[in-house]
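The values are calculated or read from the model by the stated rules, or taken from the named source; none is laboratory data. Predicted model, so just to flag it, every value in this text is computed and none were measured. Note: ideal-geometry Cβ built from the backbone for every residue, glycine included; neighbour counts use all protein chains shown.
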Amino acid sequence: MKVLKLPVSFLVFVLLPILVAGLYYAFFASGQYVVETKYIIEGHKTSQSDMLGALAGINGTASSPSAKDSYIAQEYIWSAELLNKIDRELGIRKHYSDRRYDGWARLPEDASLADFLEYWKAMIDIRYDGTSGITTLSVTAFSAEDALRIARRLLEEAEQHVNKLTERVRHDKLSFAKNELQEAEQRLINARAAMIRFRSQQKDIDPEKTTVSKLEIVAELESQLATAEAELANMATYMKADSIKLGALRNKVSSLKRQIHIERKRWSNNVDETRALNNRIAEYEILLAKKTIAEKFYESALASLESARLSTMQQQQYLEVIAAPYKPVEAEKPYVLSNMLSVILGSFLFWVIGSLIISAVRDHV
């Protein structure tokens, strides 16, 4: 009896799976064509130094596109958005669920979007090489023409997506810099308009300079008075008191003193005028400070716009095809030899392990 159980179990768990797999691959398995293409995302980015880095003297360094860009393209290729888009164009679901192909490999006709997306990811293989930056895209389909069409369409969509992302970043950065410049320009216009209104109302271009000029007049009169008095004292030592020249100098000294007195009295007696002038000077200085700040802000915004333009030029990226997709001559999948070996080894190991377990249980009973 024991002698009969061994061939039966061997037949059921080893020979039967091998026979079923052999029949499937021989008569039912549909050929699957694989189209492979390689691409790389070219371009360079300049990392801008932040404020602390600038203060520390650390500059930004240029770097090649990171793996993030390739992974973004990869996720987009696998996305439901792209799948739905090219499904409307190429009939992806119709192709993979065609009843002409074997039921084991094809997509069920009533598959949900989640199942369709999972099946799509199984048909599209993407491998990124971090050393070279090259991404390998493999597309599997039941016909060579469809595999080629899908591969070409995926490359086009990936390239458009990379360009769109780059253009969006560049557009946002330039828009922000342009808005800042417009705000700075309007701020400068307002500051200059306020200065013009103030000068028009006060009829004085620069109240501060006006005050300084008045003070300079008094200082100049005092300087002339000191010179005239010194000259008078010197000439009095050797000239007669009734000398015509001494009389002229005395008149000059007297005139200078009266003029200085008049100018000083104008400042000391007219308190309201002095206060008004001080207020005008204070208001003028505030407007002048706002105008100076607006000019600096405008210059900074203008420099930022030029820097943003340069930066966006350095952030241009594009997808470059290293190996273009080509139409395969024969089906590459399924891998009959390797799959059959897997079935044979798996079935045999399953039978051996099961037999050992059963024998061990019987020995302990």
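Check 107, 117, 82 and return the single one that is within 18 Å of residue 155 (Cβ to Cβ), surrounded by 12 or more Cβ atoms within 10 Å (Cβ to Cβ) and not charged (D, E, K, R).
On the way: 107 fails: within 18 Å of residue 155 (Cβ to Cβ); 117 fails: within 18 Å of residue 155 (Cβ to Cβ).
None of the other options fit; the residue is 82.
Let's see how each residue does on (1) among the hydroxyl-bearing types (Ser, Thr, Tyr); (2) touching a Ser or Thr at 6+ places or on another chain (Cβ under 9 Å); (3) modelled with pLDDT under 70; (4) under 30 Å from residue 285 (Cα atoms):
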position	(1), (2), (3), (4)
200	yes, no, no, yes
205	no, no, yes, yes
214	no, no, yes, yes
218	no, no, yes, yes
230	no, no, no, no
237	yes, no, no, no
242	no, no, no, no
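Tell me, please, whether a residue that is surrounded by 13 or more Cβ atoms within 10 Å (Cβ to Cβ), touching a helix residue (DSSP H, G or I) at 6+ places or on another chain (Cβ under 9 Å) and modelled with pLDDT of 80 or more can be found in the range 281-288.
no
Between a residue in the range 108-133 that is in a helix (DSSP H, G or I) and any residue that is surrounded by fewer than 18 Cβ atoms within 10 Å (Cβ to Cβ), which pairs come within a Cβ distance under 8 Å, given they are 6 or more apart or on different chains?
113/80; 115/108; 117/78; 117/80; 119/111; 120/78; 121/78
Which of the residues that make up the range 314-365 are in contact with an Asp or Glu (Cβ under 9 Å, 6 or more places away or on another chain) and of a type in the set (Val, Ile, Thr)?
Listed by number, the list holds a single entry, 321.
Restricting attention to the range 320-345, report how many residues are assigned to a helix (DSSP H, G or I) and either surrounded by 14 or more Cβ atoms within 10 Å (Cβ to Cβ) or of a type in the set (Phe, Trp, Tyr) (or both).
The number of residues fulfilling the criteria is 5.
Among the listed residues 104, 120, identify the single one that is on the phi < 0 side of the Ramachandran plot and touching a Leu at 6+ places or on another chain (Cβ under 8 Å).
Of the residues listed, the single one that is on the phi < 0 side of the Ramachandran plot and touching a Leu at 6+ places or on another chain (Cβ under 8 Å) is 120.
Filter the range 84-107 for residues that are assigned to a helix (DSSP H, G or I) and among the aromatic types (Phe, Trp, Tyr) and give the result. It would help to see each step written out before you state the result.
Start the filter on the range 84-107 by keeping residues that are assigned to a helix (DSSP H, G or I), which leaves 84-90, 92-96.
Passing the criteria: only 96.
Can you tell which of 85, 94 is under 32 Å from the mean Cα position of the chain (by Cα) and modelled with pLDDT of 90 or more?
From the options 85, 94, the qualifying one is 85.
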